[in-house]
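Reviewing the structure listed below.
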Amino acid sequence: VQLQASGGGLVQAGGSLRLSCAASGTIFSINRMGWYRQTSGTQRDLVAVITSDGSTTYADSVKSRFTISRDNTRNTMYLQMNSLKPEDTAVYYCYAWIDSVAYWGQGTLVTVSS
């Protein structure tokens, strides 16, 4: 099983980006999925989580700006990021509980210029 994150890049403040995280391999069920982010020298912080039934949780800093979603038919999760701020600059990591095992994707860099 692998998680592949994509969609990062450079954007101006106020702009938008959409991150994707696709799970591949032999998969029976995917439970909780989510995004964390990390800046240099800091711990990885939770951004958003989505459960298998679609319930969502967001960090206060991204509420009303970011939207997490998933397409269970494609084993893919998304993070729509709007009204981006320079402080959103970070490496974003996706994770997923797949068949009771936690998997992490490689990071994707998001850079927001002021």
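The values are calculated or read from the model by the stated rules, or taken from the named source; none is laboratory data. The structure displayed is predicted, hence computed values, not measured ones. Just the protein is used for accessible areas: all its heavy atoms, side chains included, with ligands, DNA and RNA removed. Shrake-Rupley method; radii C 1.70, N 1.55, O 1.52, S 1.80 Å.
Tabulated data for the structure shown
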{"quantity": "Paired Rg and Dmax values of the range 51-105, which use every Cα atom, in angstrom", "calculated": "12.5, 36"}
{"quantity": "Added length on full extension, which subtracts the Cα-Cα distance from 0.36 nm per residue, S6 to S64", "calculated": "18.7 nm"}
{"quantity": "For the chain: Kirkwood Rh in Å [reciprocal of mean 1/r, alpha carbons]", "calculated": "14.0 Å"}
{"quantity": "Heavy-atom accessible area order for F66, F28, largest first, 1.4 Å probe", "calculated": "F28, F66"}
{"quantity": "Percent accessible area from carbon and sulfur atoms, the chain, protein chains only, probe 1.4 Å", "calculated": "46 percent"}
{"quantity": "For the chain: accessible area per residue (Å², 1.4 Å)", "calculated": "53 Å²"}
